[in-house]
Structure formats: C-alpha cells, structure tokens
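Working notes, structure below.
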Amino acid sequence: MIDDIKTDAKERMVKSIGAMVDAFKKIRTGRAHPSILEGVMVDYYGSPTPLAQLANINVEDGRCLAIVPWEKPLVPAIEKAIMKSDLGLNPSTTGDKIRVPMPALTEETRKQYIKQARAEAEKGRVSIRNIRRDANGMIKDLLKDKEISEDDERRGQDQIQKITDLYVAEVETVLAGKEKDLMQV
C-alpha cells in the first residue's frame, strides 16, 4: 500500500517537473529555438490551430527563426498571430517565408526573465510539497484505519520525504541550468 502511494507521488512529481520545464521553454533566451513559438495559435479558417501544425519552423542562424507555411495564404495570419502573442517578436515576411529575428536581451530583460524562471521554479517546488502532503495524508489515513503500524507510517513518511528532497533538488538543477542559459551573452 505504501509502495503504491510512493509510486503515485513519484509520477505526480515527475509531471510537476515536466510542467516546469514546459514553462521554462516559454521564457526565451537570446538564441532562436522553435519551442519559443509553441504556444502561438493561428486562426486557421475560423479555428485556432497551433503554429507547428501549419508551418515548418527552422532555426536559420543563432538569432533567427524561419517559418515556411504549408499554404501561402496563411502568411499574413501567421505573422499576425506572432505579433499578437506576448513574446515581443517582430516577424518580417519575404514572399512565402517569414523570418523572426530574436532581439538581443539587455541586462534588465535577462534579470526579468530570471525572476520569471525563479517564480516558475517556486511553483514547481510548491507543487511537489503539495504532493508530499497528499501522500503523507494517505499514509495517516492508512494508520487511522489500522491497515499499517505506526512504525510503517513513520518509515513511509521518511521515504516520501526522501523522494520529495530528490525532486526539489531536480527543480534546483533545472533552474540553475535555465539561469545559466539566460545569462549567456
């Protein structure tokens, strides 16, 4: 029973870290990467569609993305969607190709992005702690129902704490990597 609770807690903590990593992808660095445009939705014949399903997105050089839509009439809609997105990017069109240059980050914007990354990491840590609380609550319920002994409860809570510490350390590692990435010029 305690093993089931541990397994469930581990799975949920892995999902929390995955959500944090996805949030980090939206925080742009000075380099071009197709994942920056992941959240951009384009109005495709009346329905919002992810940009990646309507065009080929490539890194042209270190600071520029090249977008080639599958259909030429989509060029203005894609350009409009990128401008409306809250990414601060200004696409330029040349025929059927859209270029999105990545502006160089100033020291101030780098610090702002680091603050944003730290906030996302804190959300991840809080999520992991909530999972720990839920798992410990389940273990206490088992003790209340007399399905496990007090020793088993203590052992289970210690194991949950070790798992929690492991995943909080993972959050710190991912955050350190993102901060390093943001501070590179």
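The values are calculated or read from the model by the stated rules, or taken from the named source; none is laboratory data. On a predicted model such as this, the values are computed, not experimentally measured, just so you know. Ideal geometry is used to build each Cβ from the backbone, glycine not excepted, and the neighbour counts take in all protein chains shown.
Take the conditions closer than 30 Å to residue 27 by Cβ and out of contact with any helix residue (DSSP H, G or I) (no Cβ under 7 Å at 6 or more places or on another chain) and apply them to residue 171. Does it pass?
So residue 171 fails the test.
Residue 125 versus (1) over 21 Å from residue 62 (Cα atoms); (2) touching an Asp or Glu at 6+ places or on another chain (Cβ under 8 Å); (3) crowded, with 17+ Cβ neighbours inside 10 Å: which is the lone unmet condition?
(2)
Which of the strands (runs of 3 or more DSSP E) contained wholly in the range 1-95 include at least 1 residues that are aromatic (Phe, Trp, Tyr)?
41-44
Out of the residues in the range 142-159 meeting the condition of being in a helix (DSSP H, G or I) and of a type in the set (A, V, I, L, M), tell me which one is nearest to residue 4 (Cα to Cα).
Per the stated criteria, the residue is 142.
Which is over 30 Å from residue 157 (Cβ atoms), outside the structural domain of residue 168 (by TED's automatic domain parsing) and either at pLDDT 80 or above or surrounded by 17 or more Cβ atoms within 10 Å (Cβ to Cβ) (or both), of 87, 54?
Exactly one of 87, 54 is over 30 Å from residue 157 (Cβ atoms), outside the structural domain of residue 168 (by TED's automatic domain parsing) and either at pLDDT 80 or above or surrounded by 17 or more Cβ atoms within 10 Å (Cβ to Cβ) (or both), namely 54.
When you look at residue 170, is it assigned to a helix (DSSP H, G or I), over 30 Å from residue 72 (Cα atoms) and either in the same structural domain as residue 40 (by TED's automatic domain parsing) or modelled with pLDDT of 85 or more (or both), yes or no?
Taking the combined requirement at face value, the residue satisfies it.
Being surrounded by 14 or more Cβ atoms within 10 Å (Cβ to Cβ), hydrophobic (A, V, I, L, M, F, W, C), at pLDDT 85 or above and not assigned by TED's automatic domain parsing to the domain that holds residue 175 is true for just one of 59, 40. Which residue is that?
Residue meeting the stated conditions: 59.
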